[in-house]
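Heads up, the thing below is written out as structure tokens.
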């Protein structure tokens, strides 16, 4: 099946913060018009200088934004537990933010999936003392050269220290710092390595890149993602959440809720149905893009670096 070319579209997905979401210091859509093979370098350069912003949530849980995907931190006597690692070049800034959360050592890191804006910091966090926990497909992808076609990019494996050393197939429950952490595998969603991390007592859930707050998402078909799986992940997240649940998305403002997630899920379903109907009529991918099936949602979700045309192409590939 024909794939999209990336300039603005390619690595737009993972780590370029959006002005829309209030993230300072990230690449703008205009800056993201770079050639594909330069985008990862541009994003790393941006992450090296981007400000890190912390958001105190409930109990001893904090969200950190500014280095790739949103990070969650649980503090306490069992040490700091991180959900996602950000981008390696942000190490100094993340260390500073972690230090401001107290003197507890770093002891655990959970990867929500394998993408580099969520796992590139694995190596330094492991060296700092973190045991790395992830779904087994995350370890697989981080252990080998992994190509992402829609980014036209080959990622090299991490060193041994960055590879998760504690993996599971479906679900895992941890008890740390007096908190029950439920790690739940979605199956194929944004990738086929995605998990959520539920802080049960605080009623907070980190859903990784199965939710992009205020933006069209990337779907990584190269590593098992699908539009239908992304929608199914939304349904799983909605079933878990209540009106009081704090939802941490992979991208966008890191403090979200069930209402915003439901709205985002409805957008995915509507666009998926529209694209599928056009494809069933025999329309080519370019003809479907020209029909603008996302038009009703573009003003709200189309101002991130995943533009409406690229998102339409992703949906078309999966229906």
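Computed from the coordinates by the stated procedures, all read-outs in this text should not be read as laboratory data. In this text, all values refer to a predicted model and were calculated from it rather than measured experimentally. Backbone-built Cβ (ideal geometry, glycine too); neighbour counts: all protein chains shown.
Arrange the following residues from fewest to most other Cβ atoms within 10 Å of their Cβ: 280, 131.
Placing the least packed residue first, the sequence is 280, 131.
Given the -39500 (n - 2.57) contribution per DSSP H run of 4+ residues, what per-residue ellipticity at 222 nm results for the chain, rounded to the nearest 500 deg cm²/dmol?
It comes out at -9000 deg cm²/dmol, rounded to the nearest 500.
On each of the three principal axes of the Cα atoms of region 96-211, give max minus min coordinate, whole Å, ordered largest first.
Reported extents, whole Å, longest axis first: 42, 29, 22.
May I ask for the Kirkwood hydrodynamic radius of the chain, worked out over all distinct Cα pairs and given in angstroms to one decimal?
About 19.3 Å, per the Kirkwood formula over Cα pairs.
What percent does the relative contact order of the chain come to when contacts are Cα pairs within less than 8 Å and at least six residues apart?
Dividing the mean separation by the residue count of the chain yields 16 percent.
By average Cβ neighbour count within 10 Å, what is the ranking of 255-263, 116-124, 164-172 from highest down?
Most protected by this proxy first, the peptides run 116-124, 255-263, 164-172.
Please find, in a Gaussian network model of the chain (springs between Cα atoms separated by less than 10 Å), the residue of 43, 247, 52 whose mean-square fluctuation is greatest.
Result: 52 has the largest fluctuation of those listed.
Expressed as a whole number of Å, what is the distance separating the alpha-carbon centroids of region 109-154 and region 75-94?
Cα centroid to Cα centroid, the span is 14 Å.
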